[in-house]
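Everything below concerns the one structure shown next.
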Amino acid sequence: MNNSEFIQRKEAATPRGVGVMCRFHIDRAQNAELWDVEGNRYLDFAAGIAVLNTGHRHPRVINAVREQLDRFMHTCYQVVPYASYVELAETLNARVPGDFDKKTALFSTGAEAVENAIKVARAATGRPAVIAFGGSFHGRTMMGMALTGKVAPYKLGFGPFPSEVFHAPFPSASAGVSTDDALAAIHALFKMDVDPQRVAAIIFEPVQGEGGFNPAPADFVRGLRAICDQYGILLIADEVQTGFARTGKLLAMEHHDVCADITTMAKSLAGGFPLSAVTGRKDLMDAAAPGGLGGTYAGNPLAVAAALAVIRVIDEERLCERAIVLGDRLKAHLHALRETVPQLIDVRGPGAMIAAEFSDPQTRKPDAAFVKRVQTLALERGLILLTCGVNANVIRFLFPLTIGDAQFAEGIENLVDVMREAATQRQALVV
Ligand code: PMP
């Protein structure tokens, strides 16, 4: 089936709600490269939306999964358990920030981890309410949508959502929201909408992912911790997108001097296999009654084998350090572009969780059209880029951290070329 036949069949057979970015379909992939069925080659700077920090088909991940395939594929952990689940729980208990005893439960998707973190927080506190942030993304399940701080497209037509969810603004220099503004908004919620004694948890992303790669400032994270401590509220760090070396640390909360009580993880945890985890304070994690947590596929043995291999690869290949090296290189190129690309107003993010934000030089309004143009031109040259941001005016970079120097340089060269081209085209239109 060639690419155009594929598009026709896809459109006839699958709903438009499952939006698809590329108009080609994949044949095979290796590390940071993929090839479509017509033999075209692409550099993958999207990595399945932050899932492939260890690249496509890392040989050690393949071997671990292959060995597991030869032993057993599924039992349902709640029926017949396996040691690898416990080994991964022990590893995450030791590696998730927080100098306290922890326990871990495994699930399949990021949204499911978020759902279960909220279940645990409610069971442990006996309180109903949850506070989340504008621009956040926490998944497409009902609670995930309720928590997500962006209506279109995620919530359109899908309500009503679970109640007792409140939103405060997230700090963002480009949106003009300071740490003080954001913390004051939480206190305002306590005055206007919800008694803090009824709040079970505050959930936040250490770096907002879909919302625009906005890092939570250190004083904001400290402020959240102080509010939680004052009112007996639990702090949940959603590390689904930030986790597993992307920010230059195994988990992004390692950049902070305070800890979350509960952490959600997924995506790059298992290098492409569906696996998520909730790690939290031991006493909290034990609040749910036996049978209250889990799922038929939760902690699938193939995915768990992959995750144990992924964590070993991150350690042995020093991918946290590599994230910083690659991120610094990319940032230097982006900063150098600011002279020729006046639309580029901000370059930000820790480690390799880098974003470039664009606005119209004349109106200074977010320039989603420019970003779309860069993304399209890049794809024509074989570079897969993702956008993000509440105004869709941000390009985010999610290349595998295992990418080789030559391919990284090639990707950057293409990026620089298409940004310049898009800026020149825009200039020509204005003149
Ligand atoms: N939380 C965050 C921070 C995410 O970035 C995402 C996915 N983009 C999710 C939750 C939901 O994960 P999933 O798509 O695996 O359900």
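Here LYS150 meets each of (1) away from the ligand (no atom under 16 Å from the Cβ); (2) touching a residue at least 24 places away in the same chain (Cβ under 8 Å); (3) basic (Lys, Arg) with one exception, condition (1). Within the stretch 120-147, restricting attention to residues that are more than 15 Å from the ligand (Cβ to nearest atom) and closer than 21 Å to GLY159 by Cβ, which residue is most open to solvent (accessible area, probe 1.4 Å)? Residue satisfying both the conditions and the ranking: ARG122.
Counting only helices (runs of 4 or more DSSP H) that sit wholly inside the stretch 120-239, those with at least 3 residues that are at pLDDT 95 or above and among the charged types (D, E, K, R) are 179-192, 218-231.
A single entry from PHE6, PHE24 fulfils the requirement of being of a type in the set (Phe, Trp, Tyr) and either in a loop (DSSP other than H, G, I, E, B) or loosely packed, with under 14 Cβ neighbours inside 10 Å (or both): PHE24. Selection within the stretch 240-269: residues that are open to solvent by 40 Å² or more (accessible area, probe 1.4 Å) and in a helix (DSSP H, G or I). The member of this set that is nearest to the ligand (Cβ to nearest atom) is LYS267. Of all residues in the stretch 270-297, those satisfying the criterion of being closer than 24 Å to LEU52 by Cα, of a type in the set (Gly, Ala, Ser) and crowded, with 24+ Cβ neighbours inside 10 Å are ALA270, GLY271, SER276, ALA277. Number of residues in the stretch 40-53 that are in contact with an Asp or Glu (Cβ under 8 Å, 6 or more places away or on another chain) and either within 14 Å of the ligand (Cβ to nearest atom) or free of Cβ contacts under 8 Å to residues at least 24 places away in the same chain (or both) equals 1. Taking the criterion of being open to solvent by 40 Å² or more (accessible area, probe 1.4 Å) and among the small types (Gly, Ala, Ser), the only residue of the stretch 93-119 that qualifies is ALA94.
The values are calculated or read from the model by the stated rules, or taken from the named source; none is laboratory data. Values in this document were obtained by computation on a predicted structure and should not be read as measured data. Because the Cβ atoms are built from the backbone with ideal geometry, glycine has one as well, and the counts that use them run over all protein chains shown. Remember, those area values only see protein heavy atoms, side chains included, never the ligands or the DNA or RNA. Shrake-Rupley method; radii C 1.70, N 1.55, O 1.52, S 1.80 Å.
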